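Undergrad: The structure's right below; bear with me while I get my questions together.
The values are calculated or read from the model by the stated rules, or taken from the named source; none is laboratory data. Computed from a prediction, not measured in an experiment: that's the story for all the values here. Every residue, glycine among them, receives a Cβ derived from its backbone with ideal geometry; neighbour counts consider all protein chains shown. Just the protein is used for accessible areas: all its heavy atoms, side chains included, with ligands, DNA and RNA removed. Shrake-Rupley method; radii C 1.70, N 1.55, O 1.52, S 1.80 Å.
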Amino acid sequence: LFFNFVWSCGLVALCYIPLDVQEIFPYPPVFDKLDLYVPFGMSSGILGILLAFRSNQSYDRFWQGRQIWVEVISTERSIARCLRYLDNPDDEYVPCMRRWLLTFPVALMQHLRGERSLSEFTALTDQDLELMEQSDNMPIACLMVLTELLNTVRLEPAQRSSDLLWWQMDSLLEKLTHAIGAGEAIAGTPVPLSYTRHTSRLLSLWTILCPLVLIQAIPPLAVPFVTLVLSWTLLATEEIGHIIEEPFGIHDDRPNILNLDRYCEIIANDIQLMSATNVMLDGYSFKGKLAPSASTDFKKKSF
């Protein structure tokens, strides 16, 4: 951007060379017939198509990444809600399920970013951490543990409608499996490098030669500022595509477009809320009457 501005200023300075200097160092005859309107008009359409396709492709990757985490959040909430349907589960069963539900989004976040930090799995025990340390794919390890835990629901004869409950929860685990694959497709398949380089080179060449056309169309003193605005607009559009093409924050030199840490925090808060006693329903009866603890004051009133 700075180079384009300096280059346009130097080109404008050539327009103000004194006539006596021009007589000593005359311009080549080819400059008298120089007209770049036609090639710039033809190339501008190609450049516009490349930038539009580049931006749309990057935004599609960003939107797909966001939809993946929307599915993860809703699925984790649904699994935590289904745990309410268990009939007299073991004291350690439900806390263990919730512990691994809390771990899965953190493991998925690290997996998509190419990170590996066991210290972030605060909900796991030492034995669980040993299992995660031995796994090459941590979110898959979480799903396998959840699958084994869920299988006990189908095999437990004390659970009423165990087959139906198992089928419903297993379909939710299938959604988490799909989310892993969809996220790996985005993180492991970058935009083709040849396409990115071609767009960048054409854009750089176009903005560098732009002052040669502008100097024939507008006052010379306005050329550097118009060149600066045009270069900033086009280069910023390309840079936006570079930033949002990796929504999970794989590269350290680019900002994290999707705040995955916040998504993990939302899941953790929701699961903890679902695991706690619902104090909002204390004193409420689902038979159309108030429970005794809350109906004492209302018996004296008529509505």
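Undergrad: Work out from phi, with θ = phi - 60° and the Karplus expression 6.51 cos²θ - 1.76 cosθ + 1.60, the ³J(HN,Hα) of each residue of the range 224-239, listed in order in whole Hz, and give x for Gly and Pro.
TA: Along the range 224-239, the couplings run x, 6, 5, 4, 4, 5, 5, 5, 5, 5, 6, 5, 5, 4, 5, 5 Hz.
Undergrad: Sticking with this structure for a sec: What's the local net charge at Leu129, with K and R +1, D and E -1, over the other residues with C-beta under 13 Å away?
TA: -3
Undergrad: Are there trypsin sites (Lys or Arg not before Pro) in the range 119-203 that DSSP marks as loop and that have at most 13 other Cβ atoms within 10 Å, and which are they?
TA: Within the range 119-203, the qualifying trypsin sites (Lys or Arg not before Pro) (loop, at most 13 other Cβ atoms within 10 Å) are Arg160.
Undergrad: Can you give the local net charge around His198? Use residues other than it whose beta-carbon is closer than 14 angstrom to its beta-carbon, Lys and Arg +1, Asp and Glu -1.
TA: +2
Undergrad: ³J(HN,Hα) across the range 173-189 via Karplus (A = 6.51, B = -1.76, C = 1.60, θ = phi - 60°), whole Hz, x for Gly/Pro?
TA: 5, 5, 5, 5, 4, 5, 5, 5, x, 5, x, 5, 5, 6, 5, x, 10
Undergrad: Roll a 1.4 angstrom probe over the protein heavy atoms and tell me the percent of accessible area of the range 167-277 that is carbon or sulfur.
TA: Percent of accessible area from carbon and sulfur atoms in the range 167-277: 64.
Undergrad: With just the Cα atoms defining each centre, how far is the range 51-78 from the range 176-208? Give it in Å.
TA: 15 Å
Undergrad: Quote to one decimal, in nm, the extra length available between Leu273 and Glu115 on full extension: 0.36 nm per residue of separation minus the C-alpha distance between them.
TA: Gain on stretching Leu273 to Glu115: 54.0 nm.
Undergrad: Sticking with this one: Report Thr189's accessible area, 1.4 Å probe, all protein chains in place, as a number in Å² to the nearest 10.
TA: Accessible surface of Thr189 is approximately 80 Å².
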